[in-house]
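What follows is a short report on a single structure.
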């Protein structure tokens, strides 16, 4: 899979996406600062969300349109007002895209309806992300797939059948470069609900790149995901959690994003291949293994005992596994203390 000339796959370091979401707090200057900080931290892409309150929900502040769940970060808000506060004004998009380009960093977005797709196409968006809550919106997936651009679909809450519907719809409508992301749609998500073992299973089932949209605190889950084959990691990003923002509580700060980039690459490098025996880098270290040495000066005909036959470092003598075999044998020559044991010392 390729996004903006960057290859994504197991042969490459994980592709790190910094999700701005609504952490700009309705300030374009802050949005541009977030782009700068994401680039400085090493992210490969900055992602936006393209919607308006009217394309997301109805302007109703009661019943199911009001968030009353006391466990929700957004409890006490109606959805319409929340989306008004969180949305990225469409007139900002071009400036944000240009700022990202100045850092040689990709900028793309999650459209939430067809009008957003048309708008983003006018900006020559290089790729698209389908949010978890929209993964069942097959008409939207169809519209995005028909652009022919690379496509990433988050799968939070989605059943296996729903993921299959989304993947089939994307492929049947022209999407060639497709990735899906394991995701847990709670904010923040708990590690025990993250179920990273699903990543490898998704790869086997759908035959595409699979990554993690990570809402847990910190970077541990993301680093672990790489060990299970994740090639894309997406994390929400903010300049400072203390400054607040609709998603700030579970977003990474710049130093954490930098750690994410560094540690996921280290995890990827550490995967390597199936390997037994010393690596090239370990060959010199073999000299520090234990081996058999003569521990006292000996005359020809002297018998090896537990006193004069030693299992010590370095490793130039016979392996320690021959210790019991050699006890009681006579040396056939005078031998100095500190001589590595070899078979030519015996008849």
Computed E for residue 305/residue 347 - FRET, C-beta separation, R0 25 angstrom, nearest 0.05: 0.85
Burial ranking of peptide ranges 330-340, 307-317 (average Cβ count within 10 Å, highest at the top): 307-317, 330-340
44, 103 arranged by Cβ crowding within 10 Å, fewest neighbours leading: 103, 44
Inter-part distance where the range 265-303 and the range 71-107 are each reduced to a Cα centre, Å: 56
Computed FRET value (nearest 0.05) for residue 33 with residue 217, which takes r as the C-beta separation and R₀ as 25 Å: 0.65
Reduced Cα scattering model of the range 118-233, Debye log10 I(q)/I(0), q = 0.09, 0.12, 0.14 Å⁻¹: -0.23, -0.40, -0.55
Dimensionless Rg over Rh [the chain; C-alpha; Kirkwood]: 1.27
Ranked 324, 78, 177, 118, criterion: other C-beta atoms within 10 Å, fewest first: 324, 118, 177, 78
Spacing of the two label points (7 Å from each Cα toward its C-beta) at residue 40 and residue 330, in nm: 8.0
Estimated 222 nm signal from helices in the chain, with DSSP H stretches of n ≥ 4 weighted -39500 (n - 2.57), rounded to 500: -8500 deg cm²/dmol
Translational D in µm²/s for the range 293-347 (Stokes-Einstein at 4 °C, 1.567 mPa s, Kirkwood Rh from C-alpha pairs): 119
Relative contact order for the chain, counting Cα pairs under 8 Å that sit 6 or more residues apart, in percent: 16
Extension gain (nm, one decimal) between residue 104 and residue 270, 0.36 nm per residue minus Cα-Cα: 57.0 nm
Spin-label proximity, residue 54 to the range 110-125 - amide N less than 14 Å from point 7 Å beyond Cα toward beta carbon: 115-116
Prolate/oblate/rounded call for the range 156-285, Cα gyration tensor, a/c under 1.5 rounded: oblate
R0 of 25 Å, Cβ-Cβ distance residue 2-residue 74: FRET efficiency to nearest 0.05: 0.10
Whole-Å semi-axes of the ellipsoid equivalent to the range 29-168 (Cα gyration tensor, √5λ, descending): 25, 21, 15
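All of the numbers you see were taken from the coordinates with simple rules; none came from a lab. Treat the numbers as computed from the prediction; the structure is a model and nothing was measured. Please note: Cβ atoms are built from the backbone with ideal geometry, for glycine as well, and neighbour counts cover all protein chains shown.
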